[in-house]
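Novice: Pasting a structure here, questions to come.
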Amino acid sequence: VQLQASGGGLVQAGGSLRLSCKVSGSIFRLDIMAWYRQTPQKGREQVASITGFGSTNYEDSVKGRFVISRDNAKNTVYLQMNNLKPEDTAVYLCKCRNTFTGLDYWGQGTQVTVSS
């Protein structure tokens, strides 16, 4: 299973970015997908997740600003990030969990930098 994340970049506070993560080698529609972010100060934390049925969950600090979605036909999960804040600056990683085996697979991460 391979994951390829993209869409990061530099944006001013209040701006938006959309991250994408394409999965190959998995029965994507059955997988639970999640976005994490990682900083030296906070370590790794889960930002949002979505099941194969479309049920979503968000970390409190991003509720109302971030939206996770998936396109099963394209084997891709997205993270739309709006009203970005400097504290959202991090490396964002996508994770794929196989619901049958419980195994997790990680993408390589994409840098998001929000300037004040």
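Novice: Please tell me if Gly102 is assigned to a loop (DSSP other than H, G, I, E, B), over 9 Å from the mean Cα position of the chain (by Cα), at pLDDT below 95 and of a type outside the set (Lys, Arg).
Specialist: Considered against the rule, which asks whether it is assigned to a loop (DSSP other than H, G, I, E, B), over 9 Å from the mean Cα position of the chain (by Cα), at pLDDT below 95 and of a type outside the set (Lys, Arg), Gly102 comes out as yes.
Novice: Could you pull out the residue among Thr101, Thr110 that is of a type in the set (S, T, N, Q) and crowded, with 18+ Cβ neighbours inside 10 Å?
Specialist: Thr110
Novice: Here is a further query. Where in the stretch 7-49 are there strands (runs of 3 or more DSSP E), lying wholly inside it, with at least 2 residues that are at pLDDT 95 or above and surrounded by fewer than 13 Cβ atoms within 10 Å (Cβ to Cβ)?
Specialist: Of the strands (runs of 3 or more DSSP E) lying wholly inside the stretch 7-49, those with at least 2 residues that are at pLDDT 95 or above and surrounded by fewer than 13 Cβ atoms within 10 Å (Cβ to Cβ) span 9-12.
Novice: Considering only strands (runs of 3 or more DSSP E) fully contained in the stretch 51-96, which possess at least 2 residues that are aliphatic (A, V, I, L, M) and either open to solvent by 20 Å² or more (accessible area, probe 1.4 Å) or touching a residue at least 24 places away in the same chain (Cβ under 8 Å) (or both)?
Specialist: 66-71, 76-81
The values are calculated or read from the model by the stated rules, or taken from the named source; none is laboratory data. Please read all numbers here as calculations on a predicted model, not as lab measurements. For neighbour counting, all protein chains shown are included, and Cβ atoms are generated from backbone atoms with ideal geometry for every residue, glycine included. Note: areas computed on protein heavy atoms with side chains; ligands, DNA, RNA excluded. Shrake-Rupley method; radii C 1.70, N 1.55, O 1.52, S 1.80 Å.
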